[in-house]
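What follows draws every value from the coordinates through simple rules; no lab data is involved. Since this is a predicted model, take the numbers as computed values, not measurements. Quick reminder, even Gly has a Cβ in these numbers, built from the backbone with ideal geometry, and neighbours come from all protein chains shown.
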Amino acid sequence: MWLYDYKDSEKNNPYKESPFVAITHMSYVDNLPKWSYPWHAHRDSYELGYIIDGEGTLTVESKELPLKAGSITMVPPNVMHRFVASPEQSMRYYTLRILAEPADGELQQFFHSLDNAVTEGFSYLDYIRSAFELLFNFHQMNQGVIDAAFQSACLSLLQLTKMLFTDRSMSIRLDDTHSAIDILKYIEQNNSQKITLESLAKRFNVSPSHLSRIFTNAYHMSPINYLIYSRITYATEYLLKTNYSVAEIAELVGYDNPTHFTNLFVKRIGCTPTEFRECNKKLPTDLPEQIFRNENLNKN
């Protein structure tokens, strides 16, 4: 797992005119044991996901879509979603986030017209892997700055993505029922605060048992278990993005006791926070070659 948020600065994204876009985030996710990304939304960015290996699902609010190697996904701003690997095998994927502004930009207008969508790009999988390998090399050479070469290479990948969505895509239309998703959004927006089942019930003016039933029916876990899951997963981001101590991260995600936080982390991730940081805070410039080797081993 590797991820990086690009700051809004004069050095980043030098090309300001359409069809160029501002890249805000890049990641590689390999769904480590006992780990998957929690429900989340991106306030000001479109997120594009490129599945390069394995199988899983993209769930957008209450809609679930199967994914496999070659699948490409697009989720617009402010839509709750999550990626989950299948029980039988892991799922490896890259993500890019591009700024939703300016709204009249060529790519922004196109992605806005799709709602939430998925398409198939298996025949271009080698190119997609090579494109991300190039982007990671640019990232390393530029020490995390998006220069003109990075932005140009990214535009080429995005234009291919646009072509694939134009040729063949499936849009996800969302339901009008928002009760469960409203609870989910509230937990995500306040997950560092003290939250109990009783406080949630009071917030939404229902009984604790009714609220728990609504949430569990929609997301297959209780609200409090989801709160723990969300906090621990955001802790993994702090471990990768910052040099904060374990105690500082525990406090940031809502735990006063670092030992209790560490115990919860081990139970859900399978290693201590320190071990997780040491194993995963590496730039994945060699990941495509590793994946090719794994595929060749599976074929033999």
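Some notes on this structure:
- Panel order for Arg277, Arg97, by other beta carbons found within 10 Å of each beta carbon, from fewest to most: Arg277, Arg97.
- In the chain, one over the average inverse separation of all distinct C-alpha pairs is 20.3 Å, which is the Kirkwood hydrodynamic radius.
- If you take all other residues with their beta carbon under 15 Å from the beta carbon of Ser212, and give Lys and Arg +1 and Asp and Glu -1, the sum is +1.
- Dipole-positive endmost among Leu240, Ser45, Phe261 within the chain (Cβ charges, Cα centre): Phe261
- With all projection directions averaged, the alpha carbon convex hull of the stretch 88-209 covers 12.3 nm².
- Sequentially through the stretch 16-23, phi angles give Karplus couplings (6.51, -1.76, 1.60; θ = phi - 60°) of 9, 8, 4, x, 5, 10, 8, 8 Hz, Gly and Pro residues having no value and appearing as x.
- Restricting the calculation to Cα atoms, the stretch 40-132 shows an Rg/Rh of 0.97 when the hydrodynamic-style radius is the Kirkwood one.
- Fewest-first ordering of Thr259, Thr119, Thr161 by other beta carbons within 10 Å of each residue's beta carbon gives Thr259, Thr119, Thr161.
- Mean sequence separation of contacting Cα pairs (under 8 Å, at least six apart), scaled by the length of the chain, corresponds to a relative contact order of 19 percent.
- Here the Debye sum runs over all C-alpha atoms of the stretch 179-280 as equal scatterers in vacuum, and log10 of I(q)/I(0) at q = 0.10, 0.20, 0.22 Å⁻¹ comes out as -0.30, -0.95, -1.07.
- Each peptide in 234-246, 38-50, 202-214 was scored by the mean count of other Cβ atoms within 10 Å over its residues; highest first, the order is 38-50, 234-246, 202-214.
- The stretch 2-172: C-alpha pair distances exceeding 21 Å, %: 44
- Amide H contacts of Met80: Glu61, each under 5 Å away and 5 or more positions distant or on a separate chain (H built 1.01 Å from N in the peptide plane; Pro and chain starts excluded).
- DSSP H segments from the chain that extend 15 Å or more along their own axis, Cα-based, with Kyte-Doolittle mean of 0.5 or above: 148-167
- For the stretch 2-172, relative contact order (Cα pairs under 8 Å, six or more residues apart, normalised by length) works out to 28 percent.
- Each of Ser27, Ser90 was scored by other Cβ atoms within 10 Å of its Cβ. Arranged with the fewest first, they read Ser90, Ser27.
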